[in-house]
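These notes are about the structure you will find just below.
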Amino acid sequence: MKQIKTSSLLFAFLILLFYACRHEPLVSEDQNPDITGNTCDPDTIYFNKDLLPLLASTCARAGCHDAASQMDGVILTDYESVMQTADVRPGNPNGSDLYEVLTEDDLDKRMPPPPNLPFTTEQIQMVYTWIMQGAKNLECIDTACNLDDVTYSQTVTANLQSYGCVGCHSGSSANGGVILSNYTAVADIANSGRLMGAINRLDGFAAMPPSGSAMAQCPADQIQKWINNGTPDN
Ligand code: HEC
């Protein structure tokens with residue numbers, strides 16, 4: 001009996017010693033930002049990931065708030081322009097034009113102007129929260145990017161919609177003759193290499209979307225995954 005106790009004590013001591021000796025990480029945090037980098041927090045609004053796709057597809061359009069048109073001097077194509085031209089007051093949504101125009105009762109002042117639909121409650125809330133959180137340009141690593149269940153009908157169409165691609169690329173006057181509103185046409189343009197060429201802004205292709213920032217990593221990766229899977233009609 002005593003024999004067992006002594007050996008198990010010794011064993012416990014050795015385990016303790018082992019852990020006590022390995023508390024120093026081999027790589028310090030700032031040398032290796034990718035490993036310790038910020039994963040996306042669901043309660044934080046990230047400008048490029050969350051807000052910009054909405055602004056790009058609804059506001060930063062030709063004739064409205066792209067760099068060329070800049071209606072009322074407001075450009076909503078990227079973070080710097082938004083901060084310089086849209087009267088954003090960090091921490092004070094109600095004092096920020098960018099927020100105020102979304103909730104305006106007076107239809108002459110509301111953005112986007114009729115007949116465009118107003119932002120949804122969730123979209124308005126996102127702008128509010130972003131300003132409340134300091135209107136920062138935070139980045140995060142999207143470990144939640146789902147590349148396992150990528151489908152045409154859910155993932156690819158949603159990503160193209162949210163970047164405003166379908167608006168310019170549908171109907172009889174589709175821009176550049178490129179149609180992105182039905183499966184066959186999207187699969188064709190994807191298989192020609194032009195879809196990812198445009199999204200990834202490769203040399204020799206028109207960069208898409210034409211104004212504002214490039215598509216974020218996750219939606220671009222998802223479309224690439226769908227192409228790698230053989231552009232299935234799923
Ligand atoms: C504001 C309108 C507009 C939006 C939004 C837009 N496009 Fe385009 N797109 C165009 C125009 C105009 C062209 C033709 C450009 C040219 O030929 O120089 C074009 C060309 C293309 C091409 C052909 C590129 C090539 O070089 O062969 C592809 C592919 C494309 N767009 C995909 C997209 C995708 C994907 C999105 C969304 C991420 C998108 N577009 C958003 C207007 C738009």
task: Please work out the C-alpha center-to-center distance from segment 37-59 to segment 158-234 and express it in whole Å.
output: 20 Å
statement: With x for Gly and Pro, the residue-by-residue ³J(HN,Hα) of segment 207-223, computed from phi through the Karplus equation 6.51 cos²θ - 1.76 cosθ + 1.60 at θ = phi - 60° and given in whole Hz, is 6, 10, x, x, 10, x, 6, 5, 4, 5, 4, 4, x, 5, 4, 5, 5
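Roughly what percent of Cα-Cα pairs across segment 47-132 reach past 21 Å?
Across segment 47-132, Cα pairs with separations above 21 Å total 19 percent.
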field: Net length gained if the chain between Ala214 and Thr143 were fully extended (0.36 nm per residue, minus Cα distance)
entry: 23.6 nm
query: Applying the Karplus parametrisation 6.51 cos²θ - 1.76 cosθ + 1.60 with θ = phi - 60° to the phi angles of segment 65-80, what ³J(HN,Hα) value in whole Hz is obtained for each residue in order, glycine and proline being reported as x?
result: 10, 7, 5, 6, 7, 5, 4, 6, x, 9, 10, 10, 8, 7, 4, 4
field: Rounded to whole Hz, the Karplus (6.51, -1.76, 1.60) HN-Hα couplings of segment 130-145, x for glycine and proline
entry: 4, 5, 4, 7, x, 6, 8, 10, 7, 10, 8, 8, 8, 6, 7, 4
query: Amide H to amide H, which residues 5 or more places from Ile141 or on other chains are under 5 Å from it, using H placed in the peptide plane?
result: Asn38, Thr39, Cys40
field: FRET efficiency for Asn175 and Met83, using Cβ-Cβ distance with R0 set to 35 Å, rounded to 0.05
entry: 0.75
task: Quote to one decimal, in nm, the extra length available between Tyr183 and Thr39 on full extension: 0.36 nm per residue of separation minus the C-alpha distance between them.
output: 48.5 nm
task: Could you pull out the trypsin sites (Lys or Arg not before Pro) across segment 44-136 that fall in loop regions by DSSP (anything but H, G, I, E, B) with no more than 16 other Cβ atoms inside 10 Å?
output: Lys109, Lys136
- prompt: Can you give the extra length, in nm with one decimal, that the chain gains between Ser192 and Ser162 once fully stretched, where that is 0.36 nm per residue apart less the Cα-Cα distance?
  reply: 8.5 nm
- prompt: What's the Kirkwood radius of segment 148-234 in Å, using all Cα pairs?
  reply: 12.8 Å
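Coordinate-derived values only; no laboratory data. Everything quoted here is computed from the prediction, not taken from an experiment. Cβ sites come from the backbone with ideal geometry, for glycine too, and all protein chains shown count toward neighbours.
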